[in-house]
Structures are given as C-alpha cells and as structure tokens.
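The values are calculated or read from the model by the stated rules, or taken from the named source; none is laboratory data. These numbers come from a predicted model, not from an experiment. In this analysis, Cβ positions are derived from the backbone assuming ideal geometry, glycine residues included, and neighbour counts consider all displayed protein chains. The protein model used for the area step is the full one, side chains on, heavy atoms only, and it has no ligands, DNA or RNA in it. Shrake-Rupley method; radii C 1.70, N 1.55, O 1.52, S 1.80 Å.
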Amino acid sequence: MPVAEKVPFPQVPPATVVGKILYVDAAGEEHGCTGASIVADGKNTVWTAGHCVHPGDGSGSDGFYDLVVFIPGFRESLETPGDYDAPWGEWVAQSFVAPEAWTQDQDYYEGDLAAFTVEAPDGYTNLTDTVGALGYQFGAGSDWPDIIDSGYPGEGYNRTDMDGFTQFYCTGDVVDAGNWNPLDNRLEMNCDMGAGASGGPMATPEGQIVGANSHVENDDQGQRINDHLYSSDHGDQAVAVINAINDAN
C-alpha cells in the first residue's frame, strides 16, 4: 500500500529494530531521520542514509556530524507532549562509514547510505541483543516484491498526520528506478512518507534490508510531485560499507 499506516506499537519488538535518529548539523540545528539495527560484528550497528550522518559536502571522513543518537522505540512522551520517550535508551554514535560517493560527491544514485556503531547506554549490553537486528541482501538487484518500508516521517505526500513522533510503514513492490538504464540502479517504491523517514529500511518480509529511504521527486519550486520514494543503489557501495564496519570490529 503506497499510503503509509501507523505502526501500532513501535516501542515493542520487533518494531524496535527501527528507530529515530536525532542529529545536530554543523550549524547547530537538530534534525530527525530513521535508522535500523543491522546484523554486524560487534552487535552495535545502525544502517541509515548517508545524509543522516554527513552533509555530502566534499569534507570526506572529517565531515560526519558530531552528535548522532539512535533511539529505538522512539515515541512522543505521554507525560510531556512535544517531548519524547526513549523506552530502550539512547544509543550514541561512535564511528561512521559512508561511501566517498556520498561524503565527497553527494551522489544520491549510488552513495546515500551509511552505517554507524553505537555505544550501549547504562543497563544494556548491545543493540542486537536489546532490540534485535535486520539482516541484509546487498548487491542482489533493484527489483523486490512485498517490501516493508518503515520510518518516522515528519511530513508526507498529501498527508497532514505525520509528526515525526510516530513510526509509519508502507508495503509493496520495489522496482529498478532506471528501468533499462544501466547507470541508474536506484530502488523505487510507491510510498507517501516524507522527510524524517530518510534512512528507514526497505526490507523483505524475511527481515533483510535491501535499501534505505533517500529522496523523492520535486518540481522546480521544491514541491513533491508524486508518491515515489527512492533508495540509492545498494550494490557494491553497500557491501563495502558493511564490510568496513565488520572489519573495524
């Protein structure tokens, strides 16, 4: 269904595999994205979009944001509306890996993907044992049936009910965005989630990540024109990122 629906209880596993990412950019402004716990050595890794951890401004490995936090089960506070609860703790990012196609070239077709390790907050051992983790199938093409796409959108295409506090999901097929264009292997899905859902996983029913929400189509005035939601190609670049994370652990 291209019309996203609310996840009934995101603070309960297995929905807590997906969480909210809060980060502070170089200008000191706070933003929200989405990420997912992913199977990796060390059991403390989050998969997301490159633009959720780095501006893609050519600054390379020196440009990752200073403060990035992953909050599984994120939800609006029941006691203080406008604030949030973190029922599974706040997991602060420690190290980042993203392709040069993003950190140097801001390439949305090939590079808008990243992974980062997190530090367990007091009372927890590691992220995987706490909330679970999704597997992955990288380099296996851009056409996938019955994908589940999750995120924390703060807006949506022709939607007024997305506030950034609530986890939503879409289901449907993912297709090769470039059809027969060998230079465009992005993943395309019909889903009306917007900003805030960036970095959320496109995953198979078996729990394998095949893409991450990256961008939408806008007109010349910056207005979204359809419900197409795109992921960068999760081929060689994604394989290299997850391998680098594993090698570091």
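Details
- Taking N as its residue count, the alpha carbon Rg of the stretch 108-183 over 2.2 N^0.38 Å: 1.46
- Full-stretch length increase - Ala240, Leu78 - with 0.36 nm per residue and alpha-carbon distance subtracted: 54.2 nm
- Interchain or long-range residues, amide H under 5 Å from Ile147's placed H: Gly172, Asp173, Val174
- Distance between the C-alpha centres of the stretch 107-171 and the stretch 1-56: 5 Å, rounded to the whole angstrom.
- Computed with every protein chain present, the accessible area of Asp220 is close to 150 Å² [probe 1.4 Å].
- Exposure of Glu100 as accessible area (Å², to 10), given a probe of 1.4 Å and all protein chains: 140
- Using only side-chain charges placed at the Cβ, +1 for Lys and Arg and -1 for Asp and Glu, the dipole size of the stretch 11-86 relative to its Cα centre rounds to 400 debye.
- Whole-number accessible area per residue in Å² for the stretch 150-249, which is evaluated in the context of all protein chains at 1.4 Å: 43
- When each of the peptides 7-15, 225-233, 202-210 is scored by the mean number of other C-beta atoms lying within 10 Å of its residues, the order from highest to lowest reads 225-233, 202-210, 7-15.
- Exposure ranking of Asp236, Asp83, Asp173 by accessible area [1.4 Å probe, largest first]: Asp236, Asp173, Asp83
- Per-residue accessible area (protein heavy atoms, 1.4 Å probe) orders Thr125, Thr130 as Thr125, Thr130, starting from the largest.
- Charge tally in the Cβ shell below 12 Å around Val69, where Lys, Arg are +1 and Asp, Glu are -1, Val69 excluded: -3
- Highest mean packing first, where packing is the average number of other Cβ atoms within 10 Å per residue, the peptides 36-45, 238-247 line up as 36-45, 238-247.
- Relative to its Kirkwood radius, the Cα radius of gyration of the chain gives an Rg/Rh of 0.93.
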